Each structure stands twice: as C-alpha cells, then as structure tokens.
Amino acid sequence: MTTITANDPANDWDLLITDANIATMDCSIAAPYGAIENAALAIRKGVIVWLGKQADLPKFDVLATPMLSAKGQWLTPGLIDCHSHLMFAGSRAEEFEQRLQGVSYEQIAALGGGIASTVAATRAEDHEALFVLAKDRLNALYAEGVSTVEIKSGYGLDCENEVKILEVARLLGENHPIDVKTTFLGAHALPLEYKGRSDEYIDLVCNEMLEQVVTANLADAVDVFCENVGFSNEQTRRVFNAAKKHNLPVKCHAEQLSNQQGAQLVAEFNGLSADHIEHLDEAGVKAMAAAGTVAVLLPGAFYFLRETKQPPIELLKQYQVPIAISTDFNPGTSPLCSLQLMMNMGCTLFRLTPEETLAGVTRNAAKALGLTDRGVLKVGMRADIAHWQISHPAQLSYQFGVNKLLNLWILGRLN
Ligand code: DI6
Ligand code: FE
C-alpha cells in the first residue's frame, strides 16, 4: 500500500467504484477484453484518475470519498454509436411492405420513394418537433448504455433544412447526457428538385451548404453516400476537397450496394471511416489499413435489406483494419434503434467474436469519430462508464432484450 500525503489527489476523488470487474478494452492489457478483475476505479472531475486491482489502491480518505460497490459486476467503457441518422420524421413502413413483396431498395429510390420520402417528412417538421422525435431515440440508446452518439444530417438536402437538422442535433447534445457528435451528410441523396442536375447539387453542398454549416460550427465531420443511388466517386471527391478546405475530417458510406472505390477515396483523404463496405475489395482494405481508416460495419442495414454479400471481414482482420459496429439507425434500411442488437448481429451475421464486437462499439467506434479521450477505460480517459449486471462481458453480445445496464456514468455523472 502506498502512503499518501494530505495534498495527494487521492484525497480528492469524486467517486471510487470498488468490487468491480473491468473490461477496460485497453489493448496494452494482455487479458481478453483488457480485463482486470477484483478492481477499483476512481473518478475526479469527469476523468478516470485511478484504475487497477483493488488490492493496489493507494491509501485514501475513506470518510471523505464517495464510494459505490459494483458488487462484483462488470464495468465497460460507455458504448459509442458512431453512425446514426436518427434525426428524421415520418415512417417508411409502407416501403417495407413493398420490399417484402419483392421491390428493391434501388427501385424504390428510383421511383422517388426511399430517402426522398423521409426528406419530405423531415422538411415539414420544425426544430421542436424534430427535437422531441430525436430525444426519444437518444433515450432508447442511453437506456442500453450508450454514452456517445454520432448524428448525421442528410434528410434536409437544402441549406435551410440541413442546417435545421444539425442545429437540433447540437441542441440535443447540450440538453441530453449523451455526448452528441454531428456529421454533415448533405450529399446523402439527390433531392427531387435537382433531378438530372446532380453536379449542380454537389456545387450547392460544397459551397453554400458547407459554408453555412462551418460558419455556425454545426458539424464535426463530413460524410457522402458514394453509391449508384447516391453520388459518384468523382462527386464524392469534390465534397471531400471542400471539407478539407475547412479542416473537417471525412467519412464515407462506401461499397454498400456496389463497389465505387469509395473506401480508397476516403483513405486517400486520411478519412475517419468507411462505412457499410459489403462490396469492399482487397485494394480498398489495403488503402484503409495504410491510412488508419476504420471499417464501420452496419449489421442492421445488412439484415434489414436481407443482403447476402458479407463485408470482407477476414481481409479486414488480416490487414488489421480496426472494426467498429454501429446502428446506422435510419427509417429506410435500419429502423433498429439498439446498439446491443447490433452487437448480437455483429456476432451472428458477421461472425465477429463478442470481444471484437465490444471493441467495435467502444475503442474502435471512438476511433471512427476521431475521439481519443474515450472508448477505453484507463487513467486520463473520460469517465464514460457502463455498469452491467453480467457475469461475463460476452453476455453483452450473447443476449438481447433483457436490459442488463445498472448504471451509466457520462463524464463521471449519473443522470
Ligand atoms: N445508406 C443507408 O443505409 C442509409 N443511408 C445510406 O446512405 C439509408 C437511408 C434511408 O434509406 O433513408
Ligand atoms: Fe448510414
């Protein structure tokens, strides 16, 4: 035991969690899940200031330190949903019915349904209505241990409405315990009024829209749907160049329905992530590995579209591309607002291990958002901590539908 003096910070902890098993997800700890059993963790000012075997705790002021026993249960990093489109209005249940009768996602999009119908519904709602809709969804994620969520725009598709969506997302971040990161996805789909004029629409995205978004500091990153039903590789490049001019990191909806070399392109811009990537090839994987671009897998969309083409998981592992998992929560291809369900699907549909899946919603999801202060439990990191009633961390991927969350601290606070 270390003896400490009166000035030692150990006298000044805001909370000490004892009797915990901790899945730190820290790669520098050799055990599976970076696990430390019989452990304790101390928080001061929203940051983890001590973590280790309980037997190694320094002497601290027992009377002055708020303490909580984890009762032998598990702590993990707060979960991170690094790819969501949760700011939308309306429902696409009828389209779901059509698809079940054999109409394809691309056919529906070509007929003016799909994303365009959500755009019409979202344009029709004001800030307040969108706030309420999105808050409910954020609450659902929060209830299952999610502490950081990325929210994309992309259902406005004009200056006014893209700005509105991002403003509401920023407002949610200020009014909800979850930390919200925003991504400008003006190039999500071609709005109906630009039919046949996609290059002109890209001009609007790169100039007016992005200028407004940047001026009001509404976006943390820029994304493009690089696809047959979205935008070409060349158009995606234009948007990435514009983002670069404003020092915004880029990410890409890449290789979801076909191979448009979007992953190589986003890697060329040292992008944060290439997402979906069912049709990714080896050259794309290599480019991502070289650039440190994260592979974000979206099993909900794969499942909901009843896709059969698997992302190249073995190649991603072979080239050590970090793999994240996310909900892609959206009304068209993944109306599934549960990151825990995605963890289960990551294992069942993509054959990831529960440990890889947990890394996918913590350490690697943080990387996919360019965040270095979370995703791993260790000293110096944000105290974003989920406390679970489980006897093994694999239970988080194995079981679904019974909520095992006991506590969720975000920046050291329970809400
Ligand atoms: N890929 C997707 O899966 C979603 N957006 C995208 O670029 C679909 C969005 C929608 O259909 O509303
Ligand atoms: Fe998406």
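Values for this structure:
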read-out	value
Scope segment 112-149; condition exposed (fewer than 13 other Cβ atoms within 10 Å of the Cβ), under 17 Å from PRO331 (Cβ atoms) and over 24 Å from the mean Cα position of the chain (by Cα); matching residues	GLY112, ALA124
Looking only at segment 288-302, and only at residues there that are outside any helix (DSSP H, G or I) and buried (at least 23 other Cβ atoms within 10 Å of the Cβ), the one that is nearest to ligand 1 (Cβ to nearest atom)	LEU298
Test: residue in segment 273-287 that is within 13 Å of ligand 2 (Cβ to nearest atom), among the β-branched types (Val, Ile, Thr) and surrounded by fewer than 24 Cβ atoms within 10 Å (Cβ to Cβ)	no
PHE88 vs. criteria of a type outside the set (Gly, Ala, Ser) and within 25 Å of LEU297 (Cα to Cα)	yes
Residues of segment 317-341 classified as buried (at least 20 other Cβ atoms within 10 Å of the Cβ) and part of a helix (DSSP H, G or I), total	2
Residues of segment 77-95 classified as touching a residue at least 12 places away in the same chain (Cβ under 8 Å), surrounded by fewer than 24 Cβ atoms within 10 Å (Cβ to Cβ) and not in a loop (DSSP other than H, G, I, E, B), total	1
Search result, residues across segment 356-396 that are part of a helix (DSSP H, G or I) and either touching a strand residue (DSSP E or B) at 6+ places or on another chain (Cβ under 6 Å) or buried (at least 18 other Cβ atoms within 10 Å of the Cβ) (or both)	GLU356, THR357, LEU358, ALA359, GLY360, ARG363, ASN364, ALA365, ALA366, LYS367, ALA368, LEU396
Residue check for ILE108: crowded, with 24+ Cβ neighbours inside 10 Å and either among the β-branched types (Val, Ile, Thr) or within 19 Å of ALA221 (Cα to Cα) (or both)	no
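A short reminder: the numbers here are calculations on the coordinates, not readings from a lab. Computed from a predicted model, the values in this text were never measured in an experiment. We place every Cβ from the backbone using ideal geometry, glycine too, and count neighbours over all the protein chains shown.
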